[in-house]
Amino acid sequence: MQFAYTILYVNDVKQSLAFYEKAFGMQTRFLHESGDYGELETGTTALAFSSRALMRQLGKEVRASDPHHPCFEIALVSNDVPAAVNKALAAGAKLMQEPQEMPWGQTIAYVADLDGVLVEICTSMQA
């Protein structure tokens with residue numbers, strides 16, 4: 001098997017795609033004409049978005065993300081974490097944790113996206 005995509009449930013798919021483009025430099029791969037589903041180009045695994053309204057239509061009641069009580073996070077690697085955090089904040093992200101160097105040598109910061117999804121911005125792990 002191959003990991004294909006992760007879907008984030010959001011209020012407004014088009015707005016989320018635009019935010020991720022501006023905040024993190026990703027490009028939209030696909031946006032359905034309904035506006036209820038879209039994907040970002042991230043390499044072999046896509047970051048996808050589905051509207052909460054569509055999920056309700058499909059009989060699923062999804063919970064809103066809460067960056068103070070997350071049940072998951074997405075992680076984005078950057079060579080310059082402070083600059084990446086500043087770019088995300090300028091796009092409307094909320095700062096959750098300033099960049100910090102971890103004991104294992106990785107620099108990590110956290111922001112929340114427009115829907116409260118926790119986004120880790122970090123340097124890559126060294127072997």
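Points worth noting:
- Relative exposure of Cys122, Cys71, judged by other C-beta atoms within 10 Å (fewest first): Cys71, Cys122
- When the alpha carbon coordinates of region 11-127 are projected onto the principal axes, the ranges are 46, 29, 28 Å, largest first.
- Across Ser16, Ser51, Ser34, mean-square fluctuation computed from a Gaussian network of the chain (C-alpha pairs under 10 Å connected) peaks at Ser34.
- With contacts taken as Cα pairs under 8 Å and at least 6 residues apart, region 68-127 reaches a relative contact order of 41 percent.
- Exposed trypsin sites (Lys or Arg not before Pro) absent - longest run of the chain, DSSP non-H/G/I/E/B, at most 12 other C-beta within 10 Å: 64-127
- Relative contact order of the chain, defined on C-alpha pairs under 8 angstrom at six or more residues apart (%): 23
- Rounded to the nearest 20 debye, the dipole size of region 1-115 about its Cα centre is 220 debye, using +1 on the Cβ of Lys and Arg and -1 on the Cβ of Asp and Glu.
- Note on region 74-122: percent of Cα-Cα distances in each 5 Å bin, starting at 0 and stopping at the bin with the largest distance, equals 5, 25, 35, 24, 8, 3, 0.
- Within a straight-line Cα-Cα reach of under 17 Å, Lys22 can be paired with the following aspartates and glutamates, leaving aside sequence neighbours fewer than 8 residues apart in one chain: Asp12, Glu39, Glu41, Asp80, Asp113, Asp115, Glu120.
- The H on the amide N of Ala46, modeled in the peptide plane, is under 5 Å from the matching H of Tyr5, Thr6, each at least 5 residues off or on a different chain.
- Computed log₁₀ I(q)/I(0) - Debye formula, equal Cα scatterers, no solvent, region 5-57, q 0.13, 0.16, 0.22, 0.26 Å⁻¹: -0.25, -0.38, -0.72, -0.97
- Gap separating the Cα centres of region 14-42 and region 50-66, nearest whole Å: 18
- Compared with the dominant Cα axis of the chain, that is its longest principal axis, helix 81-90 is turned about 40°.
- Dipole-positive endmost among Tyr37, Ile108, Ala18 within the chain (Cβ charges, Cα centre): Tyr37
- If only the Cβ of Lys and Arg carry +1 and only the Cβ of Asp and Glu carry -1, the dipole of region 74-122 around its Cα centre is close to 80 debye.
- Over region 5-57, Cα pairs under 8 Å with separation of 6+ residues give a relative contact order of 43 percent.
- Nearest 10 degrees, 0 to 90: helix 13-24 Cα axis against the chain principal axis: 20
- Across the chain, the longest piece that holds none of the chymotrypsin sites (Phe, Trp or Tyr not before Pro) lying in DSSP loops with up to 16 other C-beta atoms within 10 Å covers 4-71.
- Antiparallel bridges, percent of DSSP beta bridges restricted to the chain (to nearest 5): 65
- Fully extended contour minus Cα-Cα distance, from Asn11 to Arg29, at 0.36 nm per residue: 4.6 nm
None of the figures in this text is laboratory data; all of them are computed from the coordinates on show. Since the structure is predicted, the reported quantities are computational estimates derived from the model, not experimental observations. For neighbour counting, all protein chains shown are included, and Cβ atoms are generated from backbone atoms with ideal geometry for every residue, glycine included.
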